[in-house]
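Just so you know, all these numbers are worked out from the coordinates, no wet-lab data involved. Please read all numbers here as calculations on a predicted model, not as lab measurements. Note that each Cβ is placed from the backbone with ideal geometry, even for glycine, and that neighbours are counted across all protein chains shown.
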Amino acid sequence: MTLAVVGVSHHTAPVEARERFAFGNAEAIRALGGLREEAGVREAVLVSTCNRTELYFHPAADPAALEAGVAVLRNKAEGVEGSADRYLYQKQGLDSVRHLYAVSAGLDSMVLGEAEIQGQVKDAYELAMRVPVQPSMAGPVLNRLFQTALSVGGRVRSETTIGQGAASVASVAVELAGKIFGSLKSRRALILGAGANAELVAEALTRHGVRGILVANRTHERAVDMAERLEGAAIPYDDVPSRLEEVDILVTSTAAPHAVLSLEAVRGALPQARGRTLLIMDLAIPRDVEPVIGSEPNVFLYNVDDLREIVDDTLDRRKAVLPVAERIIEDEVEAFRRWYAGRQVVPLICSLRDRWDGVRDEELQWLWQRLGHLSPDDREMVERFSERLLGKLLHEPTVRLREGVANGRVADFVDAVRYLHDLDPPGLDLAKDEDEDPAEPEPESLTESDET
Amino acid sequence: MIHYVALLLYISALTLWVRSFLEGGRGRMAPVAFGIAAAGVAAHTVALARFTMLHGELPLVGLAPSLSTLALVIGVGLLATIGLGEVRRVGIVLIPLVILMEGLAVVIGVQPAEGALDFQGAWFAFHVTLAFAGFGGMAVAFSAAVLYLLQFSTLKAKRLGLAFRFLPPLATLDRLGRIGLVAGLITLTLGLALGWAWTVRFRHSFEQTDPKVIWGILTWVVFVVALAVRGRGSQHERRGALATVVGFAVVVVSYVLLRLATSTGGFFL
């Protein structure tokens, strides 16, 4: 199989190296176009995300093509510390298919099972189709590869629990808030402490509908900056206890050496008689919130260990279904192998069809000389009959031929077909790939009624 | 025969709901369970319609017909959640109630009562239907409250397992419980008022010691208390859920006790 991938990912390179390999859309289009023009690569797709840059191309049997693929990434990462090559990996043939399927299913992601990668694979495939060359860089082989990769990703996610549960602190926060409050659209949040983790959680909450986020920090300017980024409002640090009653979600991440939120403050803000629900996520170490607050009837308190434990549980559950996901991928890799192997007989099938089409034409000419009285409609009917008969006769042998080749009996089948049908030239160039992939001749029923 | 079909469909729906629970609500199992439950309600409706045509009376008088009708009303209560997404998962609590009542009715035999009530006709039909609708509202509120308490304890214990994933959000369950109680209280109040008005008009008396009257008023009080405990807005959600569960238990236990303590001649109570 003359298919390859060359790339760099979070497995092989730190972020400062990965960012040197990252392609913008315009750069990717230029690089792919260059591969066609300069190296004659027929098909190529470039996947570039924050965790990976991978170039899939076909055919890659020629070492020059492979070198051209490597050069695309090497040139992009020019100036990366050390040599760019030390971060690169290559996979060929079925390994590259297996790799893309695993990538699309999220099995190769930094956060196992994350779903965003599937959209990024789809974007990369669509970007390749936008490269202004003819025929498209996403030709028949990569078209098939990426289409199946997307469906494999979907299959793995629907048939396993690989994508279930929250796998980051921010997504746990959103999931918890959702299970407590339902829709987050009318909910308000207060961020106490302008730390990076709190901001990530706040951003995730904002994405899910929380509006008017309040931010408080010892250094008020930092609170103002974060509030601007979140389209919220900064409040003075000392106002926090009195503003607690306005919010449903409290995220704390101050650098204070002791708890900054006492039970009295919470009780003062949420008198038990009012029975209001408050979700508190304490991301600080040491903790900002007195643990006893979690015992209040309508307060749900999660500290950073609780949240990490939830994330770890999720990842453990995802790891547990890895064997199932890998089995699905193996099934699909095998399906791709069969499809690809079937492509090897495309030239033979074309010859076979041409051969018998020629015979059909000759026989029709013979018939027209003897049935000169036939009307044009009748002639057309006879012609259609001959096409359908030929289609039906060739359908089964063509299907069997593809199956036989997929099962590894290429030489036997090809020789037999050539011999039996007197096809030239003898032998078959198995390395040759055909862009035209003829379908099996139509197995139309000869007995069905048809419009005339 | 059709009652058995309905029962079988209800049991199938429950099985799928349990499987959906064990899968954390993933996949299409829960919607399919709801669809099968809906088919069960349809079969159940046909069964009771057939009873009405065969016997020339609504299935509201004898114990078995009444239980079966009550089960149907609860099933219809479940169907009312059709457009509410995850809320439909209250079926995992509602359907066992339906199975229990319909199962009891089938075991007893869904036949007309031997005696005859003097309170009959359209007034009676409205009275019983409204009262049963009230009980159906309470059953929906009870289901929502059970799931609320389960989700609440899951969140408090920080065990985000199957229950966490399967169950709807707390706020949603609280809202459903409140709607069930309010709707149930309104229909029960109308049902009781109709019964009272008929008794006063045609019997010129009101038997305060009648088990039906005692049970009806007790149920009404349970509704009022459960709603009062909730307060307004989102206050006291958990306390409200607890009150609903306890209230539902009080209603069921008092029914059983009254039934054991009184000779009902094959009537509902």
Compute the helix-to-body angle for A:376-406: its Cα long axis versus the longest principal axis of chain A, expressed 0 to 90° and rounded to tens. 60
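Counting only C-alpha contacts under 8 Å and six or more residues apart, can you give the relative contact order of chain B as a whole percent?
With pairs under 8 Å counted, the relative contact order is 21 percent.
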Amide H contacts of residue A:234 (H built 1.01 Å from N, under 5 Å, at least 5 apart or other chain): A:215
Positive minus negative residues near residue A:259 (Lys, Arg vs Asp, Glu; Cβ under 10 Å): -2
Return a whole-number percent for the relative contact order of chain A, with Cα pairs under 8 Å and 6 or more residues apart as the contact set. 12
Fewest to most neighbouring Cβ within 10 Å: what's the order for B:202, B:34? B:202, B:34
Mean projected area, convex hull of alpha-carbon positions in the protein assembly as shown, reported to one decimal in nm², is 47.0
Let me test this: with uniform point scatterers at the alpha carbons of region B:147-269, what is the Debye-based log₁₀ I(q)/I(0) at q = 0.09, 0.16 1/Å? -0.36, -0.85
Counting only residues 5 or more apart in sequence or on a different chain, those whose built amide H sits under 5 Å from that of residue A:188 are A:248, A:249
Tell me, what HN-Hα J-couplings in whole Hz come from the Karplus equation 6.51 cos²θ - 1.76 cosθ + 1.60 at θ = phi - 60° for each residue of region A:298-304, using x for Gly and Pro? 10, 10, 10, 10, 10, 9, 5
Prolate/oblate/rounded label for chain B (Cα gyration tensor, a/c 1.5): oblate
For region A:267-418 the mean separation of alpha carbon contacts under 8 Å (6+ apart) over residue count, i.e. relative contact order in percent, is 21
Amide H proximity to residue A:303 below 5 Å, modelled H, separation 5+ or other chain, gives A:282
Once you list every other residue whose beta carbon is under 14 Å from the beta carbon of residue A:242, what net charge do they have if Lys and Arg are +1 and Asp and Glu are -1? -3
In sequence order, what are the phi-derived ³J(HN,Hα) couplings for region A:213-225 according to the Karplus relation 6.51 cos²θ - 1.76 cosθ + 1.60 with θ = phi - 60°, rounded to whole Hz, with x for glycine and proline? 5, 9, 10, 10, 8, 3, 8, 4, 4, 5, 5, 5, 4
Roughly how tilted is helix A:169-181, in degrees to the nearest 10 and between 0 and 90, from the longest Cα axis of chain A? 80
In whole Hz, the Karplus estimates of ³J(HN,Hα) for region A:335-341 (6.51, -1.76, 1.60; θ = phi - 60°; x where Gly or Pro) are 4, 5, 4, 5, 4, 5, 4
Please get the size of the charge dipole for the protein assembly as shown, origin at its Cα centre, with Cβ charges of +1 on Lys and Arg and -1 on Asp and Glu, quoted in debye to the nearest 20. 3560
Averaged over residues of A:141-149, the number of beta carbons from other chains lying within 10 Å of each residue's Cβ is 0
Can you sort A:94, B:188, A:192 from fewest to most other Cβ atoms within 10 Å of each residue's own Cβ? A:94, B:188, A:192
May I ask for the angle, rounded to the nearest 10°, between helix B:2-22 and the longest principal axis of chain B, with both axes built from Cα atoms and the value confined to 0 to 90°? 20
Calculated from DSSP helices alone, with each H run of at least 4 adding -39500 (n - 2.57) and the total divided by the residues of the protein assembly as shown, [θ]222 nm to the nearest 500 comes to -20000 deg cm²/dmol
With +1 on each Lys and Arg Cβ and -1 on each Asp and Glu Cβ, how big is the dipole of region A:169-315 about its Cα centre, in debye rounded to the nearest 20? 460
Please say if region A:169-315 is rounded, prolate or oblate, where rounded means a/c under 1.5 for a ≥ b ≥ c the square roots of the C-alpha gyration tensor eigenvalues, and otherwise the choice is prolate for a/b larger than b/c and oblate otherwise? rounded
